[in-house]
Amino acid sequence: MLPSANFTYHVSDNLLLRAGAAKVMTRPAYSQLAGYFYLVDATYTGGAGGNPNLDPYRAWQYNLAAEYYYGADSLVSFGVFDLDIGNYITQEQFTQFYTTQQTPQGHDFLMTGPANGGKATSKGYEFSWQQPLADTVAGFIFNYTYADSKDKSGQAIDGSSKHTYNATVYYENEKFSGRLAYNFRSKFKSGIDRGSAMWQDDYGTLDGSFSYNLTENVALTLDAQNIAHEKLYYFVGDPSIPRAYYDNGQSWYVGARIKY
């Protein structure tokens, strides 16, 4: 069991101060551990899809927050955080000797694959606002996070956006329930591609979830993902020159829920 401590101080009935510290650990994804690779004989390069020798993520995290409950189901909160990360996983280049059918005598290949990147930090703040409207049958929720994440050399670490936010509006009564949520994250480093840092550009999606009660026991449901049909865009160096472009389309799910 890893050490952790959490404290809450009631300044008043509506205002809380919270502080926490914990040592945390999480294992790499299965895809990062997979031991497969590919080789390109023409250029003596290749890629490692995984690394079975990866160590887990480890970090010490510290949090301090204030929460103000100014009305029924209403909340404004602000918090700061500091993560001291060890063994974060990134993409690195390394040289490996292989023998192939085209190079039976063997040759060094420049490989790219997942590796533990050493120490890093992530510092920032979080803001949340929850406000019901119309006698609590409708309302909105907003969350924003700023994170400044760097490795020991001052470079951006993989997978960390400086700006992340989500905004949700909802409405609910006895017959109908609906929710629309927009989630956004600014560009982030996604790894190494052919020796250079590759970035995923700003990306936001609009999703929805709706249900209608036909009777006390039967409800129709509709779930939608990526309503605005946003696309993933990757680049290396100049953002105007694409390295990869993915169109995952929209997803719509229609269903029925029965209680008995």
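The values are calculated or read from the model by the stated rules, or taken from the named source; none is laboratory data. Bear in mind the structure is a predicted one, so any value in this text is a computation, not a measurement. Because the Cβ atoms are built from the backbone with ideal geometry, glycine has one as well, and the counts that use them run over all protein chains shown. Accessible surface areas use protein heavy atoms only, side chains included; no ligands, DNA or RNA. Shrake-Rupley method; radii C 1.70, N 1.55, O 1.52, S 1.80 Å.
For the reader, a short list of remarks on this structure follows.
- Gaussian network model of the chain, springs between alpha carbon atoms under 10 Å - residue of 159, 86, 71 with greatest fluctuation: 71
- From helices alone, the chain scores 0 deg cm²/dmol at 222 nm; the rule is -39500 (n - 2.57) for each run of n ≥ 4 DSSP H residues, then divide by the residue total.
- One decimal place: the segment residue 8-residue 102 gains 27.3 nm when fully extended, by the rule 0.36 nm per residue minus the C-alpha distance.
- Each of residue 155 and residue 223 was given a label point 7 Å from its Cα along the Cα-to-Cβ line. The distance between the two points is 3.9 nm.
- Note on residue 99: accessible area is roughly 90 Å² with a 1.4 Å probe, heavy atoms of protein only.
- Correct option for Rg and Dmax of the Cα atoms in Å [calculated from the coordinates] among [x] 18.9, 55; [y] 23.1, 69; [z] 23.6, 77: [z]
- When the chain is treated as a Gaussian network with alpha carbon springs shorter than 10 Å, the biggest mean-square fluctuation among 55, 238, 201 belongs to 238.
- Carbon + sulfur, % of accessible area of the range 34-73 - ligands and nucleic acids excluded, 1.4 Å: 57 percent
- What the Cβ-Cβ distance of residue 142 and residue 173 gives, at R0 = 22 Å and to the nearest 0.05, is a FRET efficiency of 0.45.
- Efficiency of FRET from Cβ geometry, residue 250 and residue 40, R₀ 41 Å, rounded to 0.05: 0.70
- The chain: most fluctuating residue of 95, 145, 215 per GNM, C-alpha cutoff 10 Å: 215
- Over the range 24-94, the alpha carbon radius of gyration divided by the compact-protein estimate 2.2 N^0.38 Å works out to 1.86.
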